[in-house]
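The structure appears below as structure tokens.
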Number of protein chains: 2
Amino acid sequence: MKNNKSTGEILREKREEKGLLLRHVSAELDIDTAILSKIERSERKATKEQILKLAEILNLDKDNLIIQYLSEKILYEIKDEKLGSKALKVAEQKMKYISKNKSGN
Amino acid sequence: MKNNKSTGEILREKREEKGLLLRHVSAELDIDTAILSKIERSERKATKEQILKLAEILNLDKDNLIIQYLSEKILYEIKDEKLGSKALKVAEQKMKYISKNKSGN
DNA sequence: TTACATTTGACATTAATTGTCAAGTGTAAT
DNA sequence: ATTACACTTGACAATTAATGTCAAATGTAA
């Protein structure tokens, strides 16, 4: 498959690849290094603004990163739910239904 | 299709079908009628506990109602997101991947 | 051991959710 | 047309969850 890495792993890998320190990147994001550290280890979620800024700083594809990020938010909603998987499928059905009636994408 | 009604619509229809007033049901839920009114018109989200209690009060299938409810929560997360639909698909992929490696369901 | 990057956890701040209340609207008797 | 009652609306209060800071702890490489 393809979407196997977490957002945090992606961020950390790319940051290290570029030789940047937490301190450098967190300064640009205007947050404490502690938070970025936690984001990279999936102990905290980033905000959408942070994700967008991180994509810029680290030269990551914005759309991919956002998709990654949103999919984690979705899974977070249902992580303790026995019926989560079914709910996901229903959400997709509804999604199709909505976009069909509104046309587009 | 099948999942065309919102949770709120389901709740209101069933309540009226049973001839119950907002005041009756909201008393059992231990909340103000105003909130239940809003829940039924999809102006507010219910809590999971409220959903479970409503299923009991109104003799609705718990699993179906929960699935309905969770799917709305999921859609709420991505409602303003251009890439929401793609994120949903990725979430499903990840879900499969997870349940494959953990076995079950 | 000093230097520095990262991690950890206790706590503060802020934002979102959930709730109350009181006044407003609609409708159907009387 | 006034009373009665179900429901709705919006301003605001309370509670809970998310986001952040800070200082001390840990790891690692001079």
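Before moving on, here are some points about what is shown:
- Computed [θ] at 222 nm, helices only, for chain B once each DSSP H run of length n ≥ 4 contributes -39500 (n - 2.57): -21500 deg cm²/dmol
- Potential lengthening between A:Ser99 and A:Lys48 on full extension [0.36 nm per residue; Cα-Cα distance subtracted]: 16.0 nm
- Note on the protein assembly as shown: Cα convex hull, mean projected area over all directions, 14.3 nm².
- Pairs from A:Lys14/A:Lys38; A:Lys38/A:Lys79; A:Lys53/A:Lys86; A:Lys14/B:Lys82; A:Lys86/B:Lys5 whose Cα-Cα separation, in the structure shown, is over 27 Å: A:Lys53/A:Lys86
- Dipole of chain A, positive end: most advanced residue of A:Ala91, A:Leu11, A:Ile78 [Cβ charges, Cα centre]: A:Ala91
- The largest-to-smallest principal axis extents of the Cα set in the range B:20-105 are 46, 33, 15 Å.
- Principal-axis tilt of helix B:48-57 within chain B, Cα atoms, nearest 10 degrees: 50 degrees
- Charge tally in the Cβ shell below 13 Å around B:Glu49, where Lys, Arg are +1 and Asp, Glu are -1, B:Glu49 excluded: +1
- Taking a sphere under 9 Å around the Cβ of A:Tyr69 and counting the other residues whose Cβ falls inside, with K and R at +1 and D and E at -1, yields a net charge of +2.
- Using a 7 Å Cα-to-Cβ projection, B:Lys38 label spacings across copies, nm, ascending: 2.9
- Computed from Cα atoms, the angle from the helix B:84-102 axis to the main principal axis of chain B rounds to 80 degrees.
- For A:Lys48, a cut-off of 16 angstrom between C-alpha atoms picks up these aspartates and glutamates, skipping any fewer than 8 places away in its own chain: A:Glu28, A:Asp30, A:Glu40, A:Glu56, A:Asp61, A:Asp63, A:Glu72, B:Glu77, B:Asp80, B:Glu81.
Values in this text are rule-based calculations from the coordinates and carry no lab data. Here the structure is a predicted model, which is why all the values come from computation and not from measurement. All Cβ positions, even for glycine, are placed from backbone atoms using ideal geometry, and neighbour counts span all protein chains on display.
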